[in-house]
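J.: What follows is a single structure, and I will ask about it in a moment.
The values are calculated or read from the model by the stated rules, or taken from the named source; none is laboratory data. Note that the structure is predicted; figures quoted are calculated from it, not measured. Heads up, the Cβs are rebuilt from the backbone with ideal geometry, glycines too, and the neighbour counts pull from every protein chain shown. To get the accessible areas, we keep the full protein, side chains included, count just its heavy atoms, and leave off ligands, DNA and RNA. Shrake-Rupley method; radii C 1.70, N 1.55, O 1.52, S 1.80 Å.
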Amino acid sequence: MDKTKILLAHGSGGRLTHDLISKYLVQSLSNPLLNKLDDAAIFKTGGNMAFTTDSYVVSPIFFPGGNIGKLAVCGTVNDLSVMGAVPKYLSLSFIIEEGLDITVLEKIIQSIAAAAKEAGVEIVTGDTKVVNIGKADKIFINTAGVGFIPEELDISGSNAQPGDAVIVSGTMGDHGIAIMAQREGLNFKIAVESDCAPLNGLIADMLKACPRIHVMRDPTRGGLATTLNEIAAQSQVGIELDEESIPVKPAVGGACDALGLDPLYVANEGKLIAILPEEFAPKVLSAMKAHPYGVDSAVIGRVTAKNPSRVSIRTPLGALRILDMQSGELLPRIC
């Protein structure tokens with residue numbers, strides 16, 4: 001028996017399953033709720049609770065700036081955080097292809113543990129399944145997350161109001177270009193890394209500066225343009241952007257030009273959009289720039305009463321063009 005590979009028996013529920021869980025998962029992710037190894041985690045709660053779930057099938061599973069494990073934690077933490085929730089507990093489920101190197105799984109689990117520690121969340125329950133060779137692509141991860149929302153917060157995609165400022169926390173398109181470069185073997189003069197990061201610390205600082213933030217979203221698949229179109233439709237408002245104000249790294253912009261892509265439609269995994277009363281924008285922007293994950297933050301536009309459900313962008317020449325929602329899949333298996 002090859003002890004360096006994942007075998008079908010690792011998913012059988014028998015000795016090898018228990019060895020895998022105890023040696024790799026529990027040892028790396030240890031906490032009182034997980035260590036009980038019950039069928040569900042039991043914890044006390046009160047007030048408003050946020051609950052989310054997501055699945056991660058990114059290809060390749062390792063990429064500049066992260067891997068599928070870090071991505072799974074950060075993605076779920078961020079989905080909770082942009083609703084104003086304080087992330088607390090995560091579940092973690094693996095679907096592993098038979099033949100995966102144990103060392104690969106170990107590296108992924110170490111990244112999960114590091115990301116969870118940085119975000120201040122605990123992995124409290126999970127599951128492991130192993131499928132035959134060819135029935136998956138190395139490893140898929142499913143997570144669910146629970147967080148708690150202070151009573152006074154009301155953050156929703158339907159809350160944008162005319163006059164609000166639109167802020168982004170940094171450069172657009174880093175994650176998508178990093179994945180594409182790794183997948184296709186592209187070499188750029190300046191390396192592009194994924195922006196994958198947990199944003200709950202940044203968001204906590206933003207809410208201290210302005211508890212009246214109306215909307216927060218993380219512009220993942222479909223990028224900035226698609227996410228803003230979703231918000232405009234939910235709130236029945238128009239959104240007007242200033243193209244020159246939108247931060248894009250030169251390497252990402254150059255790669256997009258070469259590949260015929262628009263960075264405003266390319267995925268991000270460590271950035272957020274915030275929409276809030278304009279009078280609070282300077283204070284919030286200052287708080288964001290003081291955080292490591294917000295140093296490139298910028299006000300990029302305004303919410304208007306004109307053209308409900310539409311997003312438009314003013315070009316450097318002064319022309320105004322419609323920024324439609326993405327149609328189709330720009331780059332599959334991005335997360």
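J.: For the stretch 204-273, what is the convex hull volume of its Cα atoms per residue in Å³? Working shown, then result.
T.: Numbers: hull volume 8.2 nm³, N = 70.
With only Cα atoms used, the stretch 204-273 gives 117 Å³ per residue.
J.: Report the semi-axes of the equivalent ellipsoid for the stretch 32-127 in whole Å, largest first, where each axis is √(5λ) for an eigenvalue λ of the Cα gyration tensor. Write down the numbers at each step before the final one.
T.: Values: eigenvalues 115, 56, 25 Å².
Largest first, the stretch 32-127 gives 24, 17, 11 Å.
J.: Now, a different point. What is the projected area of the convex hull of the Cα atoms of the chain, averaged over all directions, in nm²? Walk me through the numbers before you get to the answer.
T.: On the way: hull surface 70.8 nm².
Result: 17.7 nm².
J.: A follow-up question, please. Taking only C-alpha pairs under 8 Å that are 6+ residues apart, what is the relative contact order of the chain in percent?
T.: On the way: 773 pairs, mean separation 75.6, N = 335.
Relative contact order, the chain: 23 percent.
J.: At a 1.4 Å probe radius, carbon and sulfur cover how many percent of the accessible area of the chain? Intermediate values should be presented prior to the final figure.
T.: Details: 7930 of 15050 Å².
About 53 percent, which is the carbon plus sulfur part of the accessible surface.
J.: So which of 23/135; 44/117; 88/189; 70/135 end up more than 29 Å apart, counting from Cα to Cα?
T.: 88/189
J.: Considering only protein heavy atoms, what per residue accessible area in square angstrom results for the chain with a 1.4 angstrom probe?
T.: On a per-residue basis, 45 Å².
J.: Let me ask another. Show me the GluC sites (Glu not before Pro) within the stretch 58-153 that DSSP assigns to loop and that have at most 15 other Cβ atoms within 10 Å of their Cβ. Show your work: numbers first, answer last.
T.: On the way: sites: 97, 98, 106, 118, 122, 151, 152; in loops: 98, 151, 152.
Filter output for the stretch 58-153: 151, 152.
J.: Find, to one decimal place in angstroms, the Kirkwood hydrodynamic radius of the stretch 167-243, where the mean of 1/r is taken over every pair of different Cα atoms and then inverted.
T.: Working: mean 1/r = 0.0677 Å⁻¹.
In the stretch 167-243 this quantity evaluates to 14.8 Å.
J.: Given the Cα atoms of the stretch 136-196, and with Rh set as the inverse mean 1/r over their pairs in the Kirkwood sense, what is Rg to Rh to two decimals? Don't skip to the end; give the middle numbers.
T.: Values: Rg = 18.3 Å, Rh = 16.3 Å.
That ratio is 1.12, to two decimals.
J.: For the stretch 79-164, what number results from the quotient of the Cα radius of gyration and 2.2 N^0.38 Å? Walk me through the numbers on the way to the answer.
T.: Working: Rg = 17.5 Å, N = 86, 2.2 N^0.38 = 12.0 Å.
That works out to 1.46 for the stretch 79-164.
J.: Work out, step by step, the length gained on full extension between residue 106 and residue 131: first 0.36 nm times the residue separation, then minus their alpha carbon distance; give nm to one decimal. Mind showing how you got there, number by number?
T.: Details: separation 25, 0.36 × 25 = 9.00 nm, distance 1.82 nm.
Between residue 106 and residue 131, full extension yields 7.2 nm more.
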